[in-house]
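Everything below concerns the one structure shown next.
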Amino acid sequence: MPIERSADHPTFEMGGNNVTSLAAPARGSDEVALFRTDLPPGGGLPPHRHDHFDIFTLISGGAAFRLGDEMTELAPGDSAVVPIGVLHYLEAGPDGASIVVAMLAGTKFLRDDAPAQVPEWVR
């Protein structure tokens, strides 16, 4: 079984957030990408959609999460399944937030104000 050590995980910057790729197709995970996103206090993810579903779990901090027309507060250990094509975003609380996300390899990040892209940590 391939092992990737913590020190070898690549990290990327996305709009003031740090994204750490834990597993990706480019490094042997053919079907699934797994990554952690660390958001600073008051930071957030922009409104976006995906062409596949994604699943995430809040592992620390607190956040407000919008899925479609619903907004809810999340606490550590809470998970969300985001359906295909549904607009969503996350706003970190005063202590920031860390989430772990799993999605299918090659999932596109879709925003109304930018071209569709497959982020490096999902390739």
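Data overview
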| quantity | calculated |
| --- | --- |
| Of the chymotrypsin sites (Phe, Trp or Tyr not before Pro) in region 10-97, those whose Cβ has at most 16 other Cβ within 10 Å and which sit in DSSP loop | Phe53 |
| For Asp78, distant residues with modelled amide H under 5 Å away | Leu58 |
| Under 5 Å, built H, 5+ apart or other chain: amide partners of Val118 | Phe109 |
| Between region 3-26 and region 90-123, the Cα center-to-center distance that results, in Å | 12 Å |
| Three-way shape call for region 61-123 based on the alpha-carbon gyration tensor, with the a/c threshold at 1.5 | prolate |
| For region 1-53: relative contact order, % (alpha-carbon pairs under 8 angstrom, 6 or more apart) | 27 percent |
| Compactness relative to 2.2 N^0.38 Å, alpha carbon Rg of the chain | 1.01 |
| Residues whose placed amide H lies under 5 Å from that of His52, excluding near-sequence neighbours | Gly85, Lys108 |
| GluC sites (Glu not before Pro) within region 1-95: DSSP coil, no more than 15 neighbouring Cβ in 10 Å | Glu4, Glu31 |
| Rel. contact order, % - alpha carbon contacts under 8 angstrom, at least six apart, the chain | 30 percent |
| Phi to ³J(HN,Hα) by Karplus 6.51 cos²θ - 1.76 cosθ + 1.60 over region 102-110, Hz, x for Gly, Pro | 10, 8, 5, 4, x, 4, 8, 9, 10 |
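Any read-out appearing in this document is the output of simple, stated calculations on the displayed coordinates, not a laboratory observation. Predicted, not measured: the structure shown is a model, and the values here were computed from it. As a convention, Cβ positions derive from the backbone with ideal geometry for all residues, glycine included, and neighbour counts pool all protein chains shown.
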